[in-house]
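The values are calculated or read from the model by the stated rules, or taken from the named source; none is laboratory data. No experiment lies behind these values; they were computed from the predicted model shown. Neighbour counts run over all protein chains shown; Cβ positions are idealised from the backbone, glycine included.
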Amino acid sequence: MTAGALVTGLLAGIGRPVLAALAGLGRIALYAGQTLLHLLRPPFYLREFLSALLQVGWLSLPVVGLTAIFTGGALALQIYSGGQRFSAEAVVPQIVAIGMVRELGPVLVGLMVAARVTSSIAAEIATMKVTEQIDALVTLSTNPMKYLTVPRVLAGTLTVPLLVGVGDVIGVMGGFLVGTEQLGFNRATYIQNTLDFLEAPDVISSLIKGAVFGFIATLIGCYYGMRSGRGAQGVGGATKTAVATASILILAANFLLTSVMFTS
Amino acid sequence: MIELSGVTKSFGPNHVLRGIDLTLPRGQSMVVIGGSGTGKSVLLKCILGLVRPDAGRITLDGEDVATAEREAFLARFGMLFQGGALFDSLKVWENVAFRLQRGPLKRSREEARAIAVEKLRRVGLKPETADLFPAELSGGMQKRVGLARAIAAEPEIIFFDEPTTGLDPIMSGVINDLIREIVVEMGATAMTITHDMSSVRAIADRVAMLHDGLIRWTGPVAEMDATPDPYVQQFIHGRAEGPIASVR
């Protein structure tokens, strides 16, 4: 094999997956655009929306709460331990607050929603596709995009910010419990420091991230569910790809949003 | 009347439909027979617009289905899917009354439920079934619920995709009789795809045989047994020997 052919082969080996990934992103962007258009046009399925609110929001609360409280507690321990190296133990309340609210709260909630909700949506819709329920919807004059995707995506976009808000509060509480019960901080001082240090933009950025992550998590679940292959393997593949893609997109979106909101 | 002319459909290198010409007169019950994997379901899905043909024309009462207003077009159809395709998250009556709870045919919840219960009774299911979920039903009951859903909005045209697959002979007979009764009672145009010859004899006015992506033979069911077409003869008698390869 000549050197030229080797280089061409290498470039093709890199180019093919990159092109495939870009094409995939393009298809997701088109699907997102269609979802937004359908969001504005009737009919609207209120019952499906309320059901999605329950599934995406309310039923995610336990997992979000548990994730947040342990993360907040661990964060307090880490900051205390790391802060001791340069006599900065006192900043635990402030760093726990800013770390949870700006970064860990939204990202962890986003990832937990991707694990719980994206997988559930992808598996449900993929099973519906495999068992011809999506075709049945069409023959019953019902647009699957409107009936399945729009209610779930709207519910995700509206409820994940609330979950993030709850996660932020519980995470800060986790730090508070560890800080006051284990590390010897005064309760009133801990709360005062937390409140003094947090600013409105911190909270707003957290909620904006939550909305974007909720949109991504639910949209990707629907997208891969609708594109599922045949049989149990198809459903499994759709679910796995949906969770992996949603997680990566959430982390990428987090970087972009942080860059936009906090680097000016 | 439904007319197909020169309809082709391929999935990659697999040429499923190679130029289908078929006419389904209004008020008739046509059964399309053919081996597994010969494209019978794809044919139905092409007519309904669930699968877009690569070429050819499909018309309903002279109007091209590709350009027809989708909602009005689909409102004329009911379909019984092979596996029932019932919505797991909805109760049986909500499945049956799905079309009656949304869109232009929307009724009050009470009225929709009453119609659903009546349609369930029509297919031989008790009112108590209405509040069960599909997962709580046997295969035969799920088929009946699917049938009730297909007829709930009293469509002009009903498609049946393998209505007796997976059922025991007695339940198959019950479903076949129900389909025949309902089609006659409603005066509906029906198209059934099956490879179950007992269904063919119970349901069909006309039969079309699909093989290798083409309609091999079509004619009244009464003429099916007498046709000299070797493909039809092999198929209806279930012979391993003949022009249809047994390994596909």
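Overview of values
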{"read-out": "Some residue of the stretch B:28-39 being more than 9 Å from chain A (Cβ to nearest Cβ), without any contact (Cβ under 8 Å) to a residue 60 or more places away in the chain, within 21 Å of B:S5 (Cβ to Cβ) and under 20 Å from the mean Cα position of the chain (by Cα)", "value": "no"}
{"read-out": "Residue check, B:T164 surrounded by 16 or more Cβ atoms within 10 Å (Cβ to Cβ), assigned to a loop (DSSP other than H, G, I, E, B) and assigned by TED's automatic domain parsing to the domain that holds B:K45", "value": "yes"}
{"read-out": "The listed residue being over 20 Å from A:T245 (Cβ atoms), modelled with pLDDT under 95 and part of a helix (DSSP H, G or I), out of A:V92, A:V64", "value": "A:V92"}
{"read-out": "Matching residues, the stretch B:139-153, being within 14 Å of another protein chain (Cβ to nearest Cβ) and not polar (S, T, N, Q)", "value": "B:G139, B:K143, B:V145, B:G146, B:L147, B:A148, B:R149, B:A150, B:I151, B:A152, B:A153"}
{"read-out": "Flag for A:D135 being over 29 Å from A:L40 (Cβ atoms), assigned to a helix (DSSP H, G or I) and not aromatic (F, W, Y)", "value": "no"}
{"read-out": "Leading residue by the ranking (farthest from B:G124 (Cα to Cα)) among those in the stretch B:65-95 that are facing chain A (nearest Cβ under 8 Å) and part of a strand (DSSP E or B)", "value": "B:F77"}
{"read-out": "Index of the failed condition, A:V212 passing every other in (1) without any contact (Cβ under 8 Å) to a residue 24 or more places away in the chain; (2) within 19 Å of A:V160 (Cβ to Cβ)", "value": "(1)"}
{"read-out": "Exclusive hit being crowded, with 19+ Cβ neighbours inside 10 Å and away from chain B (no Cβ under 14 Å), set A:M100, A:M128", "value": "A:M100"}
{"read-out": "Among the candidates B:R121, B:R102, residue that is more than 11 Å from chain A (Cβ to nearest Cβ) and of a type in the set (D, E, K, R)", "value": "B:R121"}
{"read-out": "Check on B:V51, within 23 Å of A:V130 (Cα to Cα), within 14 Å of another protein chain (Cβ to nearest Cβ) and surrounded by fewer than 23 Cβ atoms within 10 Å (Cβ to Cβ)", "value": "yes"}
{"read-out": "Positions within the stretch B:169-194 being touching a Lys or Arg at 6+ places or on another chain (Cβ under 8 Å), in contact (Cβ under 8 Å) with a residue 60 or more places away in the chain and not in a strand (DSSP E or B), in sequence order", "value": "B:I182"}
{"read-out": "Number of the condition not met by A:L66 [criteria: (1) buried (at least 20 other Cβ atoms within 10 Å of the Cβ); (2) within 19 Å of the chain's Cα centre (by Cα); (3) without any contact (Cβ under 8 Å) to a residue 60 or more places away in the chain]", "value": "(1)"}
{"read-out": "Hits in the stretch B:160-192 (condition: within 18 Å of B:G124 (Cα to Cα) and not hydrophobic (A, V, I, L, M, F, W, C))", "value": "B:P163, B:T164, B:D168, B:P169, B:S172, B:G173, B:N176, B:D177, B:R180, B:E181, B:E185"}
